[in-house]
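Notes follow the structure.
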Amino acid sequence: MTAGAAADSPEVDAVPQARQDLLAALANRPKDPVVAVMALNDGTETTDFLVPYGVLKRAGIGQVEAVAVEAGDVTLMPALRIVPDTTLTAFDARYPRGADVVIVPAMHVDNDPRVLQWLQRQAANGALIVGICSGAKVLSQAGLLREKRFAGHWYDRDDLRKDNPTARYVSDVRYLYDDGIVTTTGVSASLPLSLALVEGIAGEKRAADVARSLGVTDWSARHASAGFRLDASRLWTIASHWLAFWRHETLAIPVSDGVDDVSLALVSDAWSRTWRSEAIAVHEGTRTVRMASGLRLVPQMDISVTPVRTIALASHTSAMANFTAALDAIGQRYGASTRDLVALSLEYPDGLR
């Protein structure tokens, strides 16, 4: 592309073109791809990580690996803890040619040199690099956004433009492909992006089947960026919740083998973004629980703070139904302004007031 100044105005036909570009890029890749979903052990965004992993596994896509920087559990933020499938070193030994697709969630530290160097090598080997939400900041630190068009979480927009003067921000698209690099808007974009990956790898019918099981009807790149901003009202909600620390609550989500990764991610993430509550997964018995995808979850068994409430995931309900029910419950418990704040944080367009 031709480098230019960052722009907030949408490109003409950007939404259909974004999907077409991504599908075309995936059409040139193996139909049994090696997909690495990266994780920084000290902090990786819950939904950015679990949703693509869970969706791709549900779709029966290729070889999907949860790849941590080092051995040991991965702390997800703002909720949950998991055991990764492998490490960067072990992945490199098993797949010397590298990954076909690398998914990069938001990370607690966006400039870890081990992550950046590994990403640079994967990109040089021809992998499709996908930065979900603030994963775009990790790509930026790796130098992968130079002279690219990009999306990103609304809160990161100015920093990404400042750090990448030869790149161009594109508004009103949930995901965007440019020359081997994919970026998305905020956390909730992980779901449509994951379904677009399924479509590009396994076809529209497979994507439609998986979408139906998740309660999703549209995985296009359509998005409205304008409503996402911190105004005085939202800042007041944050401040009032933060100052009233004595009202903060711990909420328990009981889990067992077979729990749906996507539902658990969306619900625990939402409840942990209220500035009033933290969601924890609880289980009595074994150290780990095997989720529907096969990934191991490390629930909290020794609860030092007794949860004030239990949140049950509806097992025969779609992930999106569980998520929207959680947003409604947040509104009922903490008020409409808090529900709006959660939707803002997740960049979920249907949840804004």
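No value in this document is a laboratory result; all are computed from the given coordinates. In this text, all values refer to a predicted model and were calculated from it rather than measured experimentally. Neighbour counts run over all protein chains shown; Cβ positions are idealised from the backbone, glycine included.
If the only charges are +1 at each Lys and Arg Cβ and -1 at each Asp and Glu Cβ, what is the size of the charge dipole of region 1-120 around the Cα centre, to the nearest 20 debye?
Taking the Cα centre of region 1-120 as origin, the dipole is about 480 debye.
Each residue of region 60-67 in order: what ³J(HN,Hα) in whole Hz does its phi give by Karplus 6.51 cos²θ - 1.76 cosθ + 1.60, θ = phi - 60°, with x for Gly and Pro?
These are the phi-based 3J(HN,Hα) values: x, 7, x, 10, 9, 10, 8, 10 Hz.
What is the set of long-range amide H partners of M77 at a cut-off below 5 Å, with H atoms built 1.01 Å from backbone N?
Result for M77 returns T44, E45, T46.
Once amide H atoms are built 1.01 Å from N in the peptide plane, which residues 5 or more positions from I61, or in another chain, come under 5 Å H to H?
Long-range HN contacts for I61: none found.
Only bridges with both residues in the chain count here: give the DSSP antiparallel percent, nearest 5.
Of the beta bridges lying entirely in the chain, close to 30 percent run antiparallel.
Restrict the search to region 31-64; then list the trypsin sites (Lys or Arg not before Pro) that DSSP places in a loop and that have at most 16 other Cβ atoms within 10 Å of their Cβ.
K31
Provide, in order from the shortest bin, the percent of all Cα-Cα pairs of region 232-348 in each 10 Å bin, continuing until the bin that contains the maximum pair distance.
Per 10 Å bin, starting at zero, the Cα-Cα P(r) for region 232-348 comes out as 14, 44, 32, 11, 1 percent.
Any chance you could tell me what percent of the C-alpha pair distances in the chain go past 34 Å?
Here the long-distance tail beyond 34 Å is 20 percent of all Cα pairs in the chain.
Around A279, which amide H atoms from residues at least 5 apart in sequence, or from another chain, sit under 5 Å from its own amide H, with H modelled in the peptide plane?
L251, S272
In 5 Å bins starting at 0, how do the alpha-carbon pair distances of region 38-88 split up by percent?
It works out to 5, 23, 32, 24, 13, 3, in whole percents.
Only helical DSSP H runs with n ≥ 4 go in: add -39500 (n - 2.57) per run for the chain, normalise by residue count and round the 222 nm mean residue ellipticity to 500 deg cm²/dmol.
Mean residue ellipticity, 222 nm, calculated: -11500 deg cm²/dmol.
Could I get the Rg over Rh figure for region 14-214? Both from C-alpha atoms, Rh via Kirkwood, rounded to two places.
The Rg/Rh ratio comes out at 0.93.
At q = 0.18, 0.28 Å⁻¹, what log₁₀ I(q)/I(0) does region 177-227 have when each alpha carbon counts as one equal point scatterer in the Debye sum?
Taken in order of the listed q values, log10 I(q)/I(0) reads -0.60, -1.15.
Name the residue, out of T185, T237, T274, whose mean-square fluctuation peaks in a Gaussian network model built on the chain with Cα pairs under 10 Å.
In the Gaussian network model the winner is T237.
Among R287, R276, R146, whose mean-square fluctuation peaks in a Gaussian network model of the chain (Cα, cutoff 10 Å)?
So, out of R287, R276, R146, the one fluctuating most is R287.
Under 24 Å from the Cα of K148, which lysines turn up, not counting those fewer than eight places away in the same chain?
K137, K162
Just the number, please: percent antiparallel of the DSSP beta bridges in region 14-214, rounded to the nearest 5.
The antiparallel proportion sits near 25 percent.
With a 10 Å Cβ neighbour count serving as the proxy for reagent exposure, in which order, fewest first, do V74, V104 appear?
V74, V104
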